[in-house]
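Shown next, in structure tokens, is the structure this report addresses.
The values are calculated or read from the model by the stated rules, or taken from the named source; none is laboratory data. Values in this document were obtained by computation on a predicted structure and should not be read as measured data. In this analysis, Cβ positions are derived from the backbone assuming ideal geometry, glycine residues included, and neighbour counts consider all displayed protein chains.
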Amino acid sequence: MSKNTHLGHQAKKRFGQNFLHNDAIISRIVDAINPEPGENLIEIGPGLGALTEPVVDRAGKLSVVELDRDLAERLRHHPFLAEHLTIHEIDALKFDFAQLATEEKPLRVFGNLPYNISTPLIFHLLSFKADIQDMHFMLQKEVVDRMAAQPDSKAYGRLSIMTQYQCQVESVMEIGPEAFKPPPKVDSAIVRLIPRREIKNEVACLTTLNSVCVTAFNQRRKTIRNSFKKLVTAEELESLGLTPTLRPENLTIDNYISLANYIHTNKSSSDSLAE
């Protein structure tokens, strides 16, 4: 049998499929999620059901979002799971998660996310943060490190700022390649994201904050005087309490919020912002 085949299913490279098969690791992940009956649980990419089965055992029912038609069909005819699942056969990047939420039951989202779409999928999910209670994801460890990174580190960047502004970020556990079949070429980690219900230092426009971060970190070795020269002058940076010779990784999230708010309020056009 191929090393890329698990439980009779051939892993598909285009979907970035790596299937968990270590029972001890699976148990620890489900403990971290802590699913309970009556909760509005959504799994992205249930695959062969490694997390799906133990979560259903605890919670009783579950909605799943699965793009692979073979895996979706397998779940529809699963002898134990089928009656407990609501299956949405669609690309998670295009799915309207808000349709599953209610005021009484916010979403609890989890999954082993394909590494090739993990960052855009996180940004897509953050657009539904008002409907989400928490999220637990298996990601490439490097991505989790970037999410949780603090200023003055190489891992700190747009993903750090945009995620931490909107969520509490916690790296829960690390997982080696041997826990998967086929084993990925990278280490993995579980991240817990809890959307913030109140933001003390609120940005005027989230799109502007994101664009400012893109502009800054596209060439992160430049000084902010050079990174932002089409947006603000060195004098304007200094008026915001920012030293023009700093590099993008030296600025705090609050610094980026101040800069984004200044640009949003004082600049008539954002044409110079990076897309």
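Below are the figures for this structure:
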| read-out | value |
| --- | --- |
| Any chance Ala155 is crowded, with 18+ Cβ neighbours inside 10 Å and of a type in the set (Gly, Ala, Ser) | no |
| Boolean, Asp68 is in contact with a Phe, Trp or Tyr (Cβ under 9 Å, 6 or more places away or on another chain), more than 18 Å from Pro35 (Cα to Cα), of a type outside the set (Phe, Trp, Tyr) and modelled with pLDDT under 95 | yes |
| Selected residue (only one of Ala92, Ala98, Ala72 is farther than 28 Å from Met162 by Cβ, out of contact with any Lys or Arg (no Cβ under 9 Å at 6 or more places or on another chain) and aliphatic (A, V, I, L, M)) | Ala72 |
| Residue match in segment 198-221 (condition: among the small types (Gly, Ala, Ser) and not in a helix (DSSP H, G or I)) | yes |
| Qualifying positions in segment 134-184 - touching a helix residue (DSSP H, G or I) at 6+ places or on another chain (Cβ under 6 Å), modelled with pLDDT under 95 and assigned to a loop (DSSP other than H, G, I, E, B) | Pro183, Pro184 |
| Every residue from segment 102-119 that is farther than 17 Å from Leu20 by Cα, among the hydrophobic types (A, V, I, L, M, F, W, C) and buried (at least 19 other Cβ atoms within 10 Å of the Cβ) | Leu107, Val109 |
| Residue match in segment 90-100 (condition: modelled with pLDDT of 95 or more, in the same structural domain as Glu43 (by TED's automatic domain parsing), part of a helix (DSSP H, G or I) and aromatic (Phe, Trp, Tyr)) | yes |
| Exclusive hit being surrounded by fewer than 15 Cβ atoms within 10 Å (Cβ to Cβ), more than 23 Å from the chain's Cα centre (by Cα) and outside the structural domain of Ala148 (by TED's automatic domain parsing), set Asn218, Asn261, Asn250, Asn226 | Asn226 |
| Condition met for Leu41 (touching a Leu at 6+ places or on another chain (Cβ under 8 Å), under 17 Å from Ile132 (Cβ atoms), at pLDDT 95 or above and in a helix (DSSP H, G or I)) | no |
